[in-house]
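Each remark here refers to the structure printed beneath this line.
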Amino acid sequence: MPAFLDLPERDIADLSVTITGWAAGNDPQSQIRLHANGQPVAVRRYDRPDLKLLLPHLQVVAGIVAELNLQNLPPCESLVLDLHYGSEIVTKHCTLAPAIPGLLRTETMLAAASRAFCESRLRCPACGGGADNLTHGAGFIECNHCADRYQQNTRALNMISGGLKLSSNLAESENVSSNPYPPHALALIAQTTAAGGWVLDCGAGSRKTRMRNVVNVEIVDYASTDVLAVGESLPFADDSFDAVLSMAVLEHVREPFRCAKELARVLKPGGTLIADVPFLQPLHGYPHHYYNMTEQGLRGLFAETLLIESCEVPLHGHPVHGLAWILSQYRLGLPPSLRDQFDRMTFGDLAATDLVAFLAAPLATQLSADAQRIIACLNTIRAQKPARN
């Protein structure tokens, strides 16, 4: 069972480390596992057709990618990566640049400043009780008004009670959400923080580095997370932030209208909100994906609470991204024996396809159920009202 680690290089100069590699073998049940200095790291698998051509005798040929933040590891002077696949173990030793300790100190200082800012503006997310109603105890914060308790057993400030977790349908996931800021978001952050203001990044994911005066809110305790909170019940007082970002998040919340009202509530009068929400994107839940939105749908979320200045398609939302994503998911959902036939089809072929004939052909009938779920054109639900007792 051959395996290999491509990245990182031997010398690491950043806190955020992208790890790539591959593994191959004849046992589809074998798991691919990755450890960094002995600690497990979540891994995403994907097809490697280029390697499959070189290793046609092996049933499984999978690429792997993982994101590691050095803040998640105990203090260390080097990094040892172990890739496990079946009985195979591949080890890679990396050295850390001398600048790493300084970067860690800066991250610690920025995290402390964000925590102090948030604690000064806390409110109970369950009942809306202000800071005067919150008691800070040994390992917990409790609301004197509604008695909700928030266990402080995480690195980030935890404002998700058991009740909020259930009502918001939160679930554990090994997937790591990590996307860079688009240019318009970076410009708003720069403009706001230069004036001494604070920015809420609601649903920030795992940020490679912290930014001054930016509060990262998440449901996952990433190294960059400042506050664990549910978007529909934010734990901040009214008018707390000078700007608010919600980047590709609202499709993942159970109640987007309620979340939109919360984002508007914590935004100061005169402040700016930027929200990105997908329209024609495949299913991509972390761990849930509820709603894609048209322009009218996105405008409708905020029309009652904010003055909408514009609603447009940014470069990272160009239709070509949706086309490429949908086609790649369709291709991967086909048996390998049919992918070459699909690859030979042109865009013209697809546009002129006789859909009735196509739906009866193997390129449609053998598309996996998982691929159909991810890129479905339409879903149908059938339900029944319970009989009265």
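Just so you know, all these numbers are worked out from the coordinates, no wet-lab data involved. Remember, it's a predicted structure, so these values are computed and weren't measured experimentally. Here Cβ is always computed from backbone atoms with ideal geometry, including for glycine, and neighbour counts include all displayed protein chains.
Here are a few things to note about the model shown:
- Cβ charges +1 (Lys, Arg) and -1 (Asp, Glu), total dipole of the chain, debye: 560 debye
- Distance histogram in 20 Å bins (all Cα pairs of the chain, percent per bin): 23, 52, 24, 1
- Here the stretch 81-224 yields Rg over Rh of 1.04, to two decimals, using C-alpha coordinates and the Kirkwood radius.
- When only the Cβ of Lys, Arg, Asp and Glu is charged (+1, +1, -1, -1), the dipole of the stretch 220-348 relative to its Cα centre reaches about 480 debye.
- For His284 and Asn389, a Förster radius of 30 Å and the Cβ-Cβ distance give a FRET efficiency of 0.15, rounded to the nearest 0.05.
- For the residues Glu119, Glu312, Glu251, a GNM of the chain with alpha-carbon springs under 10 Å puts the largest fluctuation on Glu312.
- A straight chain from Ile308 to Ala138 at 0.36 nm per residue would run longer than the Cα-Cα distance by 56.8 nm.
- The simple spin-label model puts a point 7 Å past each Cα toward its Cβ; for Gln366 and His35 those points are separated by 4.1 nm.
- Cβ-Cβ FRET estimate between Val320 and Arg10, R0 fixed at 45 Å, reported to 0.05: 0.80
- Alpha-carbon centroid distance for the pair the stretch 41-91 / the stretch 317-369, whole angstrom: 29 Å
- Percentage relative contact order, the stretch 249-298, counting C-alpha pairs under 8 Å, at least six apart: 50 percent
- Estimated 222 nm signal from helices in the chain, with DSSP H stretches of n ≥ 4 weighted -39500 (n - 2.57), rounded to 500: -7500 deg cm²/dmol
- Among complete DSSP H helices in the chain, those whose alpha-carbon atoms stretch at least 18 Å along the helix's long axis and whose mean Kyte-Doolittle hydropathy reaches -0.5 are 100-119, 319-332.
- The charge dipole of the stretch 3-96, taken about its Cα centre with unit charges on the Cβ atoms of Lys, Arg (+1), Asp and Glu (-1) only, comes to about 240 debye.
- Think of the chain as having a plus end and a minus end, set by charges on the Cβ of Lys, Arg, Asp and Glu; of Thr192, Asn216, Ala387, Ala387 sits farthest toward the positive end of this dipole.
- Considering only Leu338, Ala126, Val277, the residue lying farthest towards the positive end of the dipole of the chain is Ala126, judged by Cα position with unit charges set on Cβ.
- Percent RCO, i.e. relative contact order, over the chain, from Cα pairs under 8 Å lying at least 6 residues apart: 10 percent
- Mean Cβ count within 10 Å, highest first, over the residues of peptides 327-340, 213-226, 155-168: 213-226, 155-168, 327-340
- Under 13 Å from Lys92, Cα to Cα: aspartates and glutamates that are on another chain or at least 8 residues apart: Asp6, Glu9, Asp11, Asp82
- Applying a 4.7 Å Cβ-Cβ cutoff to the chain leaves Cys76, Cys94, Cys118, Cys202, Cys259, Cys311, Cys377 as cysteine residues with no disulfide-compatible partner.
- Distance in nm between pseudo-label sites at His145 and Arg344 (7 Å out along the Cβ direction from Cα): 6.8 nm
- At R0 = 30 Å, FRET efficiency that the Cβ-Cβ distance of Asp50 and Tyr291 yields, to 0.05: 0.25
- Estimated inter-spin distance, Thr353 and Arg265, nm [label 7 Å along Cα→Cβ]: 4.6 nm
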